[in-house]
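Presented below is the structure to which this report refers.
Read-outs throughout are calculated quantities, based only on the coordinates presented, and are distinct from any laboratory measurement. Since this is a predicted model, take the numbers as computed values, not measurements. Using ideal geometry, Cβ is built from the backbone for each residue, glycine included, and neighbour counts are taken over all protein chains shown.
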Amino acid sequence: MHCETLAKRIIACLDVNAGRVVKGIQFEQLRDAGDPAELALAHSQAGADEIVLLDITATAESRNTLLETVRRTARQLFIPFAVGGGIRSVDDAAAVLDCGADKVAMNSAAIADPALITRVAERYGSQAVVVAIDARHKTPTAWEVYVWGGRKPTGRDAREWSIAAEQLGAGEIMLTSMDRDGTQSGFDCPLTRTIATSVRIPVIASGGAGEPHHFLEVFQDGAADAALAASVFHYGLKSVAAIKQELRDAGIPVRLTC
Amino acid sequence: MIAIVDYGAGNLPSVVKALQYLGKECIVTNNPDIVGQADKWIIPGVGNFKATAPLANGRLGAVLRGAIAPDGRPLLGICLGLQWMFEGSTEAPEFHGLGAFNGLCTRFSERVKSPHVGWDSIKIDGRSRLLAGISSGAYVYFTHSYRAPVCCGTIATCTYEEPFTAVVERANLFGVQFHPEKSGDVGMQILENFCAL
């Protein structure tokens, strides 16, 4: 009965600082990787199913997302496009969506003001609302939510917060393992499975992608609906097509282009 | 000129952007006179079925009901726009749809994750002007919690829990449950097909 054709999504993430794509190793040591609009188009043409643009310094430096970057990136993109970083109000979300984004990802502001999730969902629909959760292991089976670009622990349990976010109106959860982020040692499957089996909305796994088999693992063992990576694509280490081919060979439904 | 009917329910910028990329002239409006003068209509939309109320009321409603006439203008409903072309939805039973296609839209059950979000494949069954050049099995981008039943106008289905209408087509009436403006090359081909009618 359950559908087997819904594709597992491969999402390319552009971490943006001052209008340029960068990728940190565990949120630090930023390196420059190019122009967001050019990279988004390249990822789309290479077969990425979705693009996420995260203004990684927006929260920490109290800046708003660079709307011009969003507009420029969205102009030539005809696949789903999500934007996060520094979205603290319905007006912030509206500005990003008006610039051509399809979804907004909210992290620190959603923790500080959970009703913000509901307000954005009521105005734009839950499909436009992604709640981003940065989690770090506390025990082998529990993870704590961090905010402010991974710098501030909240004391909140990631599973409990995911369930609350769904009830508040989130349409998807973007779950980043801070333990794995930037390490290219594989996604955190126990974390991902814990969240993906606790909510009834899609969960995007993030943090740790390095090899094609990491994607297979997070779909099979982590029960993820989508997997997100950044540096693994930017530096041409593994093409999206190669990853999807390996997934298809293993029986995972994926969208193959061309 | 294509009129994109603005009834306050979402995703208009991305539809406009896609048409501009294809080099098609379009105008976003809720003015019944401008809608009435356009060659083609697109009804986009995401969100709750009750948001479709402006499409049924007043002069705008009267103009849009003209789409059902034998000489009606080409109309493309996208997502909520497709659902509105049916009789109604259990999401907001007090509101009526256009009724061009039979049946009520209903929610996915608790047995599957909902909303149905992501790229899924469509099974094309029958000849279609809208889907010219598109192969059965093509992947398109969906995001919805309610779905339209399979009816006599259904020309493509998607199966999530059970088959539902992915595309309807009859004479000048067209509807897609997925988002062509977000479905890459496949979606752009569908929009181009509609523009070329």
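Odds and ends about this structure:
- Pairs of alpha carbons in the protein assembly as shown whose separation is greater than 30 Å (percent): 41
- Loop chymotrypsin sites (Phe, Trp or Tyr not before Pro), segment A:81-186, which have at most 10 other Cβ atoms in a 10 Å radius of their Cβ (DSSP): none
- Computed from backbone phi, the HN-Hα couplings of segment A:140-154 come to x, 10, 9, 10, 9, 7, 10, 10, 6, x, x, 9, 10, x, 10 Hz, rounded to whole numbers (Karplus: 6.51 cos²θ - 1.76 cosθ + 1.60, θ = phi - 60°; Gly and Pro given as x).
- GNM top mover of A:T183, A:T141, A:T57 - chain A, alpha-carbon springs below 10 Å: A:T141
- Looking at segment A:128-189, the trypsin sites (Lys or Arg not before Pro) that sit in a DSSP loop and have at most 15 other Cβ atoms within 10 Å of their own Cβ are A:R151.
- With at most 12 other Cβ atoms within 10 Å, longest stretch of chain A clear of loop GluC sites (Glu not before Pro) (DSSP): A:62-258
- Beta-bridge orientation, the protein assembly as shown: approximately 40 percent antiparallel, per DSSP, counting only bridges with both partners inside.
- Estimated 222 nm signal from helices in chain B, with DSSP H stretches of n ≥ 4 weighted -39500 (n - 2.57), rounded to 500: -6000 deg cm²/dmol
- Peptides ranked, highest mean first, by Cβ atoms within 10 Å: ranges B:133-146, B:103-116: B:133-146, B:103-116
- By the count of other C-beta atoms within 10 Å, a proxy for reagent exposure, A:D98, B:D71 are ordered fewest to most as B:D71, A:D98.
- Residue-wise HN-Hα coupling along segment A:116-132, computed from phi with Karplus coefficients 6.51, -1.76, 1.60 (Hz; x: Gly, Pro): 4, 4, 5, 5, 5, 5, 5, 7, 10, x, 5, 5, 9, 10, 10, 9, 8
- Amide H partners (placed H, <5 Å) of B:I155, local residues excluded: B:V167, B:V168, B:E169
- Summing charges over neighbours of A:L41, with a neighbour being any other residue whose Cβ is under 12 Å away from its Cβ, gives 0 when K and R count +1 and D and E count -1.
- This ranking places A:M178, B:M188, B:M85, B:M1 by how few other beta-carbon atoms lie within 10 Å of each, fewest first, which gives B:M1, B:M188, A:M178, B:M85.
- In Å, descending, principal axis extents of the Cα set of chain B: 45, 38, 30
- Taking amide hydrogens as placed 1.01 Å from N in the peptide plane, the amide H of A:G84 sits under 5 Å from those of A:L53, A:L54, A:D55, A:A105, each at least 5 positions away in sequence or on another chain.
- In order along segment B:131-141, the phi-based Karplus estimate (6.51 cos²θ - 1.76 cosθ + 1.60, θ = phi - 60°) of 3J(HN,Hα) comes to 9, 4, x, 9, 8, 4, x, 4, 9, 9, 9 Hz; Gly and Pro are listed as x.
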